[in-house]
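Any read-out appearing in this document is the output of simple, stated calculations on the displayed coordinates, not a laboratory observation. It should be emphasised that the depicted structure is a prediction, and the values quoted were computed from it without experimental measurement. Note that we place each Cβ from the backbone using ideal geometry, even for glycine, and neighbour counts take in every protein chain shown.
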Ligand SMILES: [Ca+2]
Ligand SMILES: [Ca+2]
């Protein structure tokens, strides 16, 4: 797309001001990133073996996007998150709520949360019996005791299958641990992409300002049409996410009204949803030549001094 470039002196002045503003953003963003990730950077840069000069360059571009996305003054629709740096490439960064994913550590804690898990597994193709059994096994895996829930699995079951020291009897510390739970292999077989729907880094409730329609449907037990309607309203008049006209829900009630949920349902769901999770996922894809590298940072609190929870790097082929 060719952008109209004005030549009027006023416009030139505005353009210079805009450039200066971007330069200031850069400085602030990169400095704040440097403070909170200095040690982590050192660690993963040491582990990072860019297989080519292009890959290394793509990683650098991706990190520029992360630095800007981490800055609390940068809105998710800001064009500075999508830049071409030179003739070799640039980056595209996105800002997402970590609460847009389901948190198993949270959902196992309440009966309504367990219902959500079982419903999800059933929609993913597990039988109703297997969905309830897997949900019970997740509860037993994370609760501290060794008392088996109906259809659940505590140490006797795992020992019988040849596994000692399972279940861990504590909340999941990594998504990988879900794969150890009895019956989870059914999920892995049916949904190889299962990881993108889960997190253990959010506060727990589903963030209705960012959740995909599939998860809104699972948690709110509403129709697909209602969930899509909610996502369309969020995207604003242009119906495109990450643009300036995007709408944010100030309360869960606003979103519930769009989903046309009755008062009783709203009350039942109140603890399962939020409109403002404190954890944020920053995703930046740097591209240099034909190589793209995706860097993902999950931070707690998108403030001047966020806490880094997770870093992931993958080369996109
Ligand atoms: Ca247990
Ligand atoms: Ca929009």
Legend entry - Interatomic Cα distance distribution for the range 121-168, bins of 5 angstrom, percent: 5, 25, 25, 22, 14, 8, 0
Inset, instruction - Beta carbons within 10 angstrom, averaged per residue: use that to sort the peptides 103-113, 81-91, 187-197, 290-300, highest first. - result: 290-300, 103-113, 81-91, 187-197
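Using every Cα-Cα pair within the range 231-289, state what percent have a distance larger than 16 Å. Could you put the intermediate results ahead of the total?
Working: 1025 of 1711 pairs.
More than 16 Å apart: 60 percent of the Cα pairs in the range 231-289.
When the chain is fully extended, how far beyond the present Cα-Cα distance does residue 110 get from residue 238, taking 0.36 nm per residue of separation? Could you put the intermediate results ahead of the total?
Working: separation 128, 0.36 × 128 = 46.08 nm, distance 3.83 nm.
In short, 42.3 nm is gained.
Efficiency by 1/(1 + (r/R0)^6): what FRET value for residue 189 and residue 84, r their Cβ-Cβ distance, R0 = 30 Å, to the nearest 0.05? Show your work: numbers first, answer last.
Working: r = 41 Å, r/R0 = 1.38.
E(calc), rounded to 0.05, equals 0.15.
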Legend entry - Along principal axes, Cα extents of the range 272-317, largest first, whole Å: 40, 26, 13
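May I ask you to derive the FRET efficiency for residue 225 and residue 316 from their Cβ-Cβ distance with R0 = 30 Å, giving the value to the nearest 0.05?
Working: r = 33 Å, r/R0 = 1.09.
According to the calculation, E is roughly 0.35.
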Legend entry - Pairwise Cα inverse-distance average, inverted: Kirkwood Rh of the range 154-241 (Å): 15.7 Å
Inset, instruction - For residue 248 paired with residue 264, estimate the spin-label separation in nm (one decimal), with each label point 7 Å from Cα along the Cα-to-Cβ line. - result: 3.5 nm
Inset, instruction - Express the relative contact order of the range 205-274 as a whole percentage, based on alpha carbon pairs under 8 Å and six or more residues apart in sequence. - result: 37 percent
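Report the FRET efficiency, 1/(1 + (r/R0)^6), for residue 176 and residue 124, where r is their Cβ-Cβ distance and R0 is 25 Å, rounded to 0.05.
On the way: r = 19 Å, r/R0 = 0.76.
Given R0 = 25 Å and the Cβ-Cβ separation, E is 0.85.
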Legend entry - Directionally averaged projected area (convex hull, Cα atoms, the range 102-222), nm²: 7.2 nm²
Inset, instruction - Return the Cα extents of the range 219-317 along principal axes one, two and three, sorted largest first, each rounded to a whole Å. - result: 52, 31, 24
Inset, instruction - Sort out for me the Cα centre separation of the range 220-263 from the range 76-127, rounded to whole Å. - result: 16 Å
